[in-house]
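Heads up, the thing below is written out as structure tokens.
The values are calculated or read from the model by the stated rules, or taken from the named source; none is laboratory data. Quantities reported herein were computed from a predicted structural model and do not represent experimental measurements. Don't worry about glycine lacking a Cβ; one is built from the backbone with ideal geometry, like all the others, and counts go over all protein chains shown. Side chains are part of the model used for accessible areas, which takes the heavy atoms of the whole protein and leaves out ligands, DNA and RNA. Shrake-Rupley method; radii C 1.70, N 1.55, O 1.52, S 1.80 Å.
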There are 2 protein chains.
Amino acid sequence: MTPSPALPEDLWPDVRPDAARRLMAAAVESFATRGYHATTTRDIATAAGMSPAALYVHFPAKSAVLFAISRSGHERTLAMVEGVVADHEDPVAAMRTLVERFVAWHAKRHVVARVVQHELDALPPADYQVVIDLRRRTEGLVRTVITRGVDAGAFTVPDVRTAARAVLSLGIDVARWYSPTSKPAPAVLGRQYAELVLAMLGHTS
Amino acid sequence: MTPSPALPEDLWPDVRPDAARRLMAAAVESFATRGYHATTTRDIATAAGMSPAALYVHFPAKSAVLFAISRSGHERTLAMVEGVVADHEDPVAAMRTLVERFVAWHAKRHVVARVVQHELDALPPADYQVVIDLRRRTEGLVRTVITRGVDAGAFTVPDVRTAARAVLSLGIDVARWYSPTSKPAPAVLGRQYAELVLAMLGHTS
């Protein structure tokens with residue numbers, strides 16, 4: 001198995017050296033294909049065209065590769081949501097942009113997103129806590145946007161916490177069902193979901 | 001490992017004999033804990049308090065246990081949706097009941113639902129096709145309810161296919177994030193999600 005061309009360099013632009021990024025890409029493919037537990041460090045190294053010893057130069061254990069993948073995905077999501085909230089004072093515009101980007105990313109990067117979302121329980125406790133904290137901050141920002149919308153009379157929801165969870169859940173689950181043959185294209189799906197989410201939050205356009 | 005008390009008999013009331021049901025419950029726990037690929041038939045048999053040979057009396061292979069679990073889950077969902085559609089002429093009432101039951105089930109039975117939803121790719125092709133057909137029929141019925149609502153002027157959606165997918169996606173993803181300590185209780189979450197879905201479909205109450 002060779003690293004899939006579906007995992008381009010732009011997934012981890014900040015990861016250096018290239019070998020570490022190649023190992024992360026190979027691990028994503030292996031975890032996605034046979035699950036985290038059934039994948040060995042040898043599988044990952046081989047898929048990256050490297051020796052098992054070379055893997056340990058970059059990652060002390062299989063779980064460290066999973067953590068690098070998961071942390072990176074969650075940090076990027078948090079940074080995206082922080083950027084959107086900073087750029088849009090209007091909660092409707094903020095929510096629209098947030099959902100468009102979140103959904104399009106989960107469609108376009110569904111293989112890595114699936115690993116990030118579904119192998120969370122395999123992380124060692126300390127790593128798990130880091131990821132959970134990133135998720136809490138992201139969910140908190142989504143709640144802030146909804147609350148602003150409710151305060152401004154733009155949104156009406158039965159429960160802010162459940163509504164925030166539903167918004168993120170819709171986007172995350174795209175990674176489960178989206179495939180390279182799925183329609184519509186990621187950007188179009190993002191716009192359709194943004195319409196659905198604004199309606200779900202009681203916004204009448 | 002013993003079969004979890006979180007997997008009560010009512011999960012597979014139609015499966016006989018008890019040994020087959022016990023094996024399915026043990027398999028759900030094993031698949032949920034370490035993934036399908038890393039689980040052996042010996043793991044399943046041991047967790048059910050049986051010998052590997054005894055497993056083969058009921059299931060010819062590990063994949064047959066996964067198929068039994070997956071088919072049962074999908075058949076029950078389809079039967080539930082068929083029942084709701086038959087019982088409710090009003091598309092708003094049908095959608096409300098459908099989401100309440102679908103969401104509550106995925107919260108209450110999140111362990112088995114996670115296996116049903118996330119190990120789909122591990123099924124042999126013929127079994128996979130059976131499950132995909134059940135999913136298509138379920139999704140088709142959800143589209144029918146939405147289309148009826150649109151025709152009756154009760155719903156307004158940007159795209160019926162995407163809206164149907166979003167409705168099911170919201171419910172399915174509950175199994176990913178719900179845990180025994182999650183709030184609110186499954187039935188309450190079902191009612192909150194029903195409100196959110198009706199709003200998402202453009203219904204103004």
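Structure summary
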| read-out | value |
| --- | --- |
| Among A:122, B:39, A:28 - extreme Cα towards positive end, dipole of the protein assembly as shown, charges at beta-carbon | B:39 |
| Dipole magnitude of region A:5-86 about its Cα centre (Cβ charges: Lys, Arg +1; Asp, Glu -1), debye to nearest 20 | 300 |
| Relative contact order (%) - region A:15-134, alpha-carbon pairs under 8 angstrom, separation at least six | 31 |
| Dipole in debye (nearest 20) - the protein assembly as shown, about Cα centre, beta carbon charges: Lys, Arg +1; Asp, Glu -1 | 560 |
| Average beta-carbon neighbours from other chains, 10 Å sphere, peptide B:166-178 | 5 |
| Shape of region B:41-188, Cα gyration tensor, a/c cut at 1.5 | prolate |
| Rounded accessible area of residue A:87 (nearest 10 Å², 1.4 Å probe) | 120 |
| Inter-site label distance for residue A:185 and residue B:90 at 7 Å from Cα along Cβ, in nm | 4.3 |
| Hydrodynamic radius of region A:39-124 per Kirkwood, over alpha carbon pairs, in Å | 14.9 |
| Dipole magnitude of chain B about its Cα centre (Cβ charges: Lys, Arg +1; Asp, Glu -1), debye to nearest 20 | 400 |
| Nearest-first distances (nm) between copies at residue A:161, label 7 Å from Cα via Cβ | 3.8 |
| ³J(HN,Hα) computed for each position of region A:143-150 - Karplus, 6.51 cos²θ - 1.76 cosθ + 1.60, integer Hz, glycine/proline x | 4, 4, 4, 5, 4, 4, x, 5 |
| Value of relative contact order over chain A, rounded to a whole percent, pairs C-alpha under 8 Å and six or more apart | 24 |
| Among B:49, A:160, A:74 the positive-end extreme of the charge dipole of the protein assembly as shown (Cβ point charges) | B:49 |
| For region A:112-205, accessible area per residue (1.4 Å probe, heavy atoms of protein chains only), Å² | 42 |
| FRET E, pair residue A:126, residue B:126, Förster distance 41 Å, beta-carbon r, rounded to 0.05 | 0.40 |
| Using alpha-carbon coordinates, inclination of helix A:18-34 to the longest axis of chain A, degrees | 80 |
